[in-house]
Amino acid sequence: MSATGTRRLVGVWAALVVATLLSWLAGDHHGLDSVRLGVALALALAFVKVRYVALDFMELRTAPPPLRWAIELWVLVVGIGLVGLYLLA
Amino acid sequence: MTRELPSFLVDRDAPPVVAAPAPGGVAGPPRASVPGVPGEPGLWIFLLVDMTIFAVFFGAFLVGRADEPAVFAEGRTHLSVALGTANTLVLLASSLVMALAVRAHRAGDAPRARRLIATVLLGGLLFVAFKAIEWQALLGDGHPPASSSFFTYYFAITGVHLLHLVAGAVVLLVVRARVGAGAASRGLVEGGASYWHMVDLLWLVIYPVVYFAGAT
């Protein structure tokens, strides 16, 4: 594979690791006054991570539109649904 | 939990058991890969349905938490956030390596693809080991699934996820053997990889739901 392709994958992975550590901090409410805000942030970050796993690791960025949009829609609907359920339930 | 063999493991060159007749009475074409679709289209229906079932689990967990906030707040204090975070990092690394394995196979480098898939499987083993440590500590401390609704959800969600991970590892063992024999189609490798990425992706959501959402 091309070196550029590998570099992008490794870059996405590094960003996912950073996002995981940030969600740990937010979820365990370090440096945040509000537990609810921290947990909501950790939940929202998870769906951003899911999107990048789908687009880059699963290679859906270049998939035909129906498949790519099905996944994007799933991430959006389930992400908003769960964050909303957490905040409102 | 039993499942039929995922469609992407079925030899797509074999004649279909039931041929769906197309309008006009002519038998439809056999399932085939579609350019740009990793694996084959049928696999993606399976993955999206599976992911949606998990989404319902997550929703049920959050509703349970709203009903019994004190039980969930107390329950989560017994979990090891460090082990949960470690397992998230293990699966992210395994997903990266799996994506590299797909590209190695595509480039015709079967030995490298086999080595990379073996590394993915080691990541899977590490995940199981961390999960076993956490479960053993919980059970040893008197928190079996029936001890509270929090632990019922915790063991159900992480248990079903673990079954998926083990199924993914079995799939990758098959994929690796076929890559070694020079008999792995591009679709087979991409399909196995996509399933593994789904196991990773589900854990990314399980992590904040189970480890953090109970906090008050």
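Each reported figure results from applying straightforward, stated rules to the coordinates on display, with no laboratory input. As the structure is a prediction and not an experimental result, all values here were calculated from the model. Cβ: placed from backbone, ideal geometry, glycine included. Neighbour counts: every protein chain shown.
Run down B:Val56, B:Val90 and say which single residue is free of Cβ contacts under 8 Å to residues at least 60 places away in the same chain, of a type in the set (Val, Ile, Thr) and touching a Phe, Trp or Tyr at 6+ places or on another chain (Cβ under 8 Å).
Details: B:Val56 fails: touching a Phe, Trp or Tyr at 6+ places or on another chain (Cβ under 8 Å).
None of the other options fit; the residue is B:Val90.
Applying the selection to region B:72-119, what residues are closer than 30 Å to B:Thr152 by Cα, among the hydroxyl-bearing types (Ser, Thr, Tyr), out of contact with any Asp or Glu (no Cβ under 6 Å at 6 or more places or on another chain) and assigned to a helix (DSSP H, G or I)? Give the steps one after another, and end with the answer.
Initial filter on region B:72-119 (closer than 30 Å to B:Thr152 by Cα): B:72-95.
Filter once more, so that each one left must be among the hydroxyl-bearing types (Ser, Thr, Tyr): B:77, B:80, B:85, B:88, B:94-95.
Narrowing the set further to residues that are out of contact with any Asp or Glu (no Cβ under 6 Å at 6 or more places or on another chain) leaves B:77, B:85, B:88, B:94.
Listed by number, the residues that qualify are B:Thr85, B:Thr88, B:Ser94.
With the condition kept exactly as written, say whether any residue in region B:137-160 is among the acidic types (Asp, Glu) and in contact with a Gly (Cβ under 6 Å, 6 or more places away or on another chain).
At the first step, the residues of region B:137-160 found to be among the acidic types (Asp, Glu) are B:141.
From what is left, the residues that are in contact with a Gly (Cβ under 6 Å, 6 or more places away or on another chain) are none.
Within region B:137-160 (the criterion being among the acidic types (Asp, Glu) and in contact with a Gly (Cβ under 6 Å, 6 or more places away or on another chain)), the answer is no, since none of the residues qualifies.
Can you tell which of B:Arg176, B:Arg106 is basic (Lys, Arg), in contact (Cβ under 8 Å) with a residue 24 or more places away in the chain and surrounded by fewer than 15 Cβ atoms within 10 Å (Cβ to Cβ)?
Answer to the selection: B:Arg106.
Which one of B:Leu188, B:Leu116, B:Leu138 is surrounded by 18 or more Cβ atoms within 10 Å (Cβ to Cβ), under 22 Å from B:Glu68 (Cβ atoms) and either free of Cβ contacts under 8 Å to residues at least 60 places away in the same chain or more than 14 Å from the chain's Cα centre (by Cα) (or both)?
Numbers: B:Leu188 fails: under 22 Å from B:Glu68 (Cβ atoms); B:Leu116 fails: under 22 Å from B:Glu68 (Cβ atoms).
Unique residue meeting the criteria: B:Leu138.
Can you pull out the residues in region A:24-43 that are surrounded by fewer than 18 Cβ atoms within 10 Å (Cβ to Cβ) and either of a type in the set (A, V, I, L, M, F, W, C) or more than 9 Å from chain B (Cβ to nearest Cβ) (or both)?
Of all residues in region A:24-43, those surrounded by fewer than 18 Cβ atoms within 10 Å (Cβ to Cβ) come to A:25, A:30-37.
Answer for region A:24-43, where residues must be surrounded by fewer than 18 Cβ atoms within 10 Å (Cβ to Cβ) and either of a type in the set (A, V, I, L, M, F, W, C) or more than 9 Å from chain B (Cβ to nearest Cβ) (or both): A:Leu25, A:His30, A:Gly31, A:Leu32, A:Asp33, A:Ser34, A:Val35, A:Leu37.
So which residues in region B:199-216 are assigned to a helix (DSSP H, G or I) and within 8 Å of chain A (Cβ to nearest Cβ), if there are any at all?
B:Asp200, B:Leu201, B:Leu204, B:Val205, B:Tyr207, B:Pro208, B:Val209, B:Tyr211, B:Phe212
If you check B:Leu173, B:Leu201, which single one turns out to be farther than 23 Å from A:Leu41 by Cβ and not hydroxyl-bearing (Ser, Thr, Tyr)?
On the way: B:Leu201 fails: farther than 23 Å from A:Leu41 by Cβ.
Just a single option satisfies the conditions, and that option is B:Leu173.
Determine, yes or no, whether B:Ala73 is in contact (Cβ under 8 Å) with a residue 12 or more places away in the chain and either surrounded by 19 or more Cβ atoms within 10 Å (Cβ to Cβ) or of a type in the set (Phe, Trp, Tyr) (or both).
Working: in contact (Cβ under 8 Å) with a residue 12 or more places away in the chain: yes; either surrounded by 19 or more Cβ atoms within 10 Å (Cβ to Cβ) or of a type in the set (Phe, Trp, Tyr) (or both): no.
When the stated conditions are applied, B:Ala73 does not pass them.
Condition first: under 25 Å from B:Val63 (Cα atoms) and loosely packed, with under 13 Cβ neighbours inside 10 Å. Can you find one or more residues in region A:47-64 that meet it?
Initially, region A:47-64 is screened for residues under 25 Å from B:Val63 (Cα atoms), giving A:47-51.
Next cut, loosely packed, with under 13 Cβ neighbours inside 10 Å only: none.
No, region A:47-64 has no match at all.
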